[in-house]
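To start, the structure under review is shown below, and the notes come after it.
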Amino acid sequence: MRVRRPDLRFQPLRRAIGIPVWADVGLRLSAALGLIFLVVLIHWIDRAGLVDQHDGQVSFLDVVYFTMISVTTTGFGDIAPVSDGARLIEAVIVTPIRFAVIFIFVGTAYNFLIKRSWEKWRMKRIQERLEGHVAVLGFGISGSQAVAELIERGSDPAGIVVMDPSPERLAEAEAMGCNVIEGDASRDESLIAIRIDRASSVLVSAGRDDTSILIVLTVRHLAPRVPITVVVRAEDNETLARQAGANNVINPVRFTGLLLAGSAKGSHIADYLADLASISGNVQLIERPALPEEIGRSLDALASGGKGLRIYRNGSPIGFWEDAARSIAPGDVIVEIQPTVGSED
């Protein structure tokens, strides 16, 4: 299959205020014109303190003309303030307004030209160096909670890339410090643009099972070795998601059922399961490779001091009660419970 060369422009969302660009420009221009109109009004009221070197008469057109050359600091000198009151007005009132108008236009130029060009260049550099990042494809309820939990667990938001078709959701992700890009995660071009093959892991939560599975297929096609975790809600789609290439399939409906069933057997089981799942609890589940000093030890004698629950050896799970768990081997992956830093359980 031939993959088309992607558009490598990395376009993050940047919103100084929560309004469209045209409205932002309109507000700035309205403010500048309002200040200019105020100066025209002041000059018209105090026109007796002005002198026109051309004909000696100061008309309304002369006032408008004098205001514009005064605000823009052109100063031809053909109309000038001569009375003490007019000069005081120029110094105390008009000069601050002149600075305000200049700042409005300079700020507009910076925001829409210099800043945007700089952000485009900066994000392009970030895109070119993307590696080892976490790609979050879909920023709905599950995706946003996953990102919040990753950040709370110590992940750098700069190492998280969020892709979603909704600008509003991306604005939320950007506010959390993540890199964001608006796009369709089921298209090759979109995933190549975020260097999906260099990601450390991919989290897929598109809101619909069929869309999520299609995204998993696309990701696996482009990144054969990147771990993929996907959220599906229908039980019969779990097998399809695994066949599409997902390493982990999470069914929130099934997990909710487990919590409900656990609470029926004990009032604290559901609390403890939720405690394990979140970094904000007193304990946390840790998955890590076996340490060199743990080789040959039993799973209940971990160097970390945690409670060993399971070993994954060559992809197969080994429970703590099984004979094979009495000796940790090189290459084993350990799942254990550890207390959260600063807490006691």
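Which one of the conditions (1) in a helix (DSSP H, G or I); (2) out of contact with any His (no Cβ under 7 Å at 6 or more places or on another chain) does THR74 fail to meet, given that it meets all the rest?
In the conditions (1) in a helix (DSSP H, G or I); (2) out of contact with any His (no Cβ under 7 Å at 6 or more places or on another chain), THR74 misses (1) alone.
How many of the residues making up the stretch 33-73 are open to solvent by less than 70 Å² (accessible area, probe 1.4 Å) and of a type outside the set (Phe, Trp, Tyr)?
22
Residues that are touching a residue at least 24 places away in the same chain (Cβ under 8 Å) and under 15 Å from GLY143 (Cβ atoms): find the helices (runs of 4 or more DSSP H) completely inside the stretch 170-267 holding 3 or more of those.
Per the criteria, 209-222.
Would the stretch 196-207 turn up any residue that is among the basic types (Lys, Arg) and in contact with a strand residue (DSSP E or B) (Cβ under 7 Å, 6 or more places away or on another chain)?
The answer is no; no qualifying residue exists.
Can you work out which of the residues in the stretch 295-318 that are outside any loop (DSSP other than H, G, I, E, B) and more than 25 Å from ARG153 (Cα to Cα) is least open to solvent (accessible area, probe 1.4 Å)?
Looking at the filtered set, the residue picked out is ILE318.
I'm trying to understand the selection: among the residues of the stretch 319-345, which are surrounded by 12 or more Cβ atoms within 10 Å (Cβ to Cβ), modelled with pLDDT of 90 or more and among the hydrophobic types (A, V, I, L, M, F, W, C)?
Matches in the stretch 319-345: PHE320, ALA324, ALA325, ILE328, ALA329, VAL333, ILE334, VAL335.
Find all pairs meeting these conditions: Cβ atoms under 6 angstrom apart; at least six residues apart or on different chains; first residue within the stretch 83-102 and at negative phi and touching a residue at least 24 places away in the same chain (Cβ under 8 Å); second residue open to solvent by 40 Å² or more (accessible area, probe 1.4 Å) and assigned to a helix (DSSP H, G or I).
Pairs found: ILE97/LEU35; ALA100/LEU35; VAL101/LEU35.
Take VAL63 and decide whether it is of a type outside the set (D, E, K, R) and assigned to a helix (DSSP H, G or I).
Criteria met by VAL63.
Among the numbered conditions (1) modelled with pLDDT of 90 or more; (2) over 22 Å from ILE141 (Cα atoms); (3) out of contact with any Leu (no Cβ under 9 Å at 6 or more places or on another chain), tell me where GLU287 comes up short.
The number of the failed condition is (1).
Pairs needed: first member in the stretch 308-329, in contact (Cβ under 8 Å) with a residue 60 or more places away in the chain and farther than 14 Å from PRO289 by Cα; second member anywhere, of a type in the set (Gly, Ala, Ser) and surrounded by 12 or more Cβ atoms within 10 Å (Cβ to Cβ); C-beta distance under 8 Å; at least 6 residues apart or different chains.
Sorted first by the residue in the stretch 308-329, then by its partner, the list stays empty.
Among (1) out of contact with any helix residue (DSSP H, G or I) (no Cβ under 6 Å at 6 or more places or on another chain); (2) open to solvent by less than 80 Å² (accessible area, probe 1.4 Å); (3) modelled with pLDDT of 90 or more, there is one condition ALA206 misses while meeting the rest; what is its number?
Against the list (1) out of contact with any helix residue (DSSP H, G or I) (no Cβ under 6 Å at 6 or more places or on another chain); (2) open to solvent by less than 80 Å² (accessible area, probe 1.4 Å); (3) modelled with pLDDT of 90 or more, ALA206 comes up short only on (1).
Residues LEU273, LEU285: which one is aliphatic (A, V, I, L, M), closer than 25 Å to GLU152 by Cβ and not in a strand (DSSP E or B)?
From the options LEU273, LEU285, the qualifying one is LEU273.
Taking the residues in the stretch 192-202 that are out of contact with any His (no Cβ under 7 Å at 6 or more places or on another chain), crowded, with 17+ Cβ neighbours inside 10 Å and at pLDDT below 95 as candidates, determine which candidate is nearest to ILE250 (Cα to Cα).
Taking the candidates together, the pick is ILE196.
The values are calculated or read from the model by the stated rules, or taken from the named source; none is laboratory data. Since this is a predicted model, take the numbers as computed values, not measurements. Using ideal geometry, Cβ is built from the backbone for each residue, glycine included, and neighbour counts are taken over all protein chains shown. Remember, those area values only see protein heavy atoms, side chains included, never the ligands or the DNA or RNA. Shrake-Rupley method; radii C 1.70, N 1.55, O 1.52, S 1.80 Å.
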